[in-house]
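The values are calculated or read from the model by the stated rules, or taken from the named source; none is laboratory data. Owing to the predicted nature of the structure, the values given are computational and were not obtained by experimental measurement. Quick reminder, even Gly has a Cβ in these numbers, built from the backbone with ideal geometry, and neighbours come from all protein chains shown. The area values use the complete protein model at the heavy-atom level, side chains included, leaving out ligands, DNA and RNA. Shrake-Rupley method; radii C 1.70, N 1.55, O 1.52, S 1.80 Å.
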Amino acid sequence: GDLARQARLRMLYLLNDRRDEALKPVDSPSPAMREFWSKQLSALATLTDPASTAECEGRKAEAKKHLAAAVEKLGESCPLLVENLAFATEIELFGRYRPFDKYEFEPGQKVLLYAELENFQSRKTCRGFHTGTLSSYQIFDSRGRRVAEHEFAPSEEHCPAPRRDYFIGYEFNLPAGISPGKHVLQLTVADQNSEKIGQAMIEFTVRSSDH
């Protein structure tokens, strides 16, 4: 509640052209939320500054940078999301993969699993911006019984700039002894930097051996 009141007060300052007061950092125990409001208000101040001598297009570009930084900081305060889970025959880049026509597989069949992450955290190091995840899956049959589980090797990267589009491709074989019928795979991903955990589920069918 106090943070919301501070934010509203900063916006009132901005409406009354008291820009120095509007851009004072809010008092929050969360560094991410403090940075979010700082960047958000800086973007609004940039777009609404009547005394700015910069061109309109330049102001919009500068505001966009502030907003991008604000969204990144807000994401650090949000749950880790595992999205767009899909079984694929080929994975190229973020958003570029070739899904199976049907999620119907043979026991022991090799598959690729595609997943996208939102609200992960990049940590600046001497080698660049670090991202790291720990992933595992569990498979449940139509009765809800766990029939398989697996833990993948850790995935880590160092990039010159913070990652914005984060996807992971997993390659594995379905259990050779898995029974025919409908199943659910539950993927669990842990972000090493933020210690947040996200999950997603995907359904598939195992064909009988005499199919």
Could you check segment 143-166 and list, in sequence order, the residues that are in a strand (DSSP E or B), open to solvent by 50 Å² or more (accessible area, probe 1.4 Å), of a type outside the set (Asp, Glu) and touching a residue at least 24 places away in the same chain (Cβ under 8 Å)? Val147, His158
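A quick yes/no check of all residues on (1) surrounded by 18 or more Cβ atoms within 10 Å (Cβ to Cβ); (2) of a type in the set (Asp, Glu); (3) within 12 Å of the chain's Cα centre (by Cα):
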{"position": "Lys60", "(1), (2), (3)": "no, no, no"}
{"position": "Lys65", "(1), (2), (3)": "no, no, no"}
{"position": "Ala68", "(1), (2), (3)": "no, no, no"}
{"position": "Glu72", "(1), (2), (3)": "yes, yes, yes"}
{"position": "Gly75", "(1), (2), (3)": "yes, no, yes"}
{"position": "Glu83", "(1), (2), (3)": "no, yes, yes"}
{"position": "Thr89", "(1), (2), (3)": "no, no, no"}
{"position": "Leu93", "(1), (2), (3)": "no, no, no"}
{"position": "Phe100", "(1), (2), (3)": "no, no, no"}
Answer yes or no: is there a residue in segment 114-121 that is open to solvent by 30 Å² or more (accessible area, probe 1.4 Å), closer than 29 Å to Ala70 by Cβ and more than 17 Å from the chain's Cα centre (by Cα). no
Spans of strands (runs of 3 or more DSSP E) in segment 81-133 with at least 3 residues touching a residue at least 40 places away in the same chain (Cβ under 8 Å): 81-93, 110-118
Can you name the residue in segment 25-58 that is outside any helix (DSSP H, G or I), farther than 19 Å from Leu12 by Cα and open to solvent by 80 Å² or more (accessible area, probe 1.4 Å) and, of all such residues, is modelled with the lowest pLDDT? Thr53
For Leu93, which of the numbered conditions (1) touching a Gly at 6+ places or on another chain (Cβ under 9 Å); (2) within 18 Å of Glu157 (Cα to Cα) fails to hold? (1)
Residues that are open to solvent by 40 Å² or more (accessible area, probe 1.4 Å) and either farther than 17 Å from Ala86 by Cα or not polar (S, T, N, Q) (or both), drawn from segment 185-204: Gln192, Glu195, Ile197, Met201, Glu203
Polar (S, T, N, Q), in a strand (DSSP E or B) and in contact with a Leu (Cβ under 9 Å, 6 or more places away or on another chain) - does that describe any residue in segment 170-186? no
Counting only residues in segment 102-113 that are within 21 Å of Ala153 (Cα to Cα) and of a type in the set (A, V, I, L, M, F, W, C), the one nearest to the chain's Cα centre (by Cα) is identified as Leu113
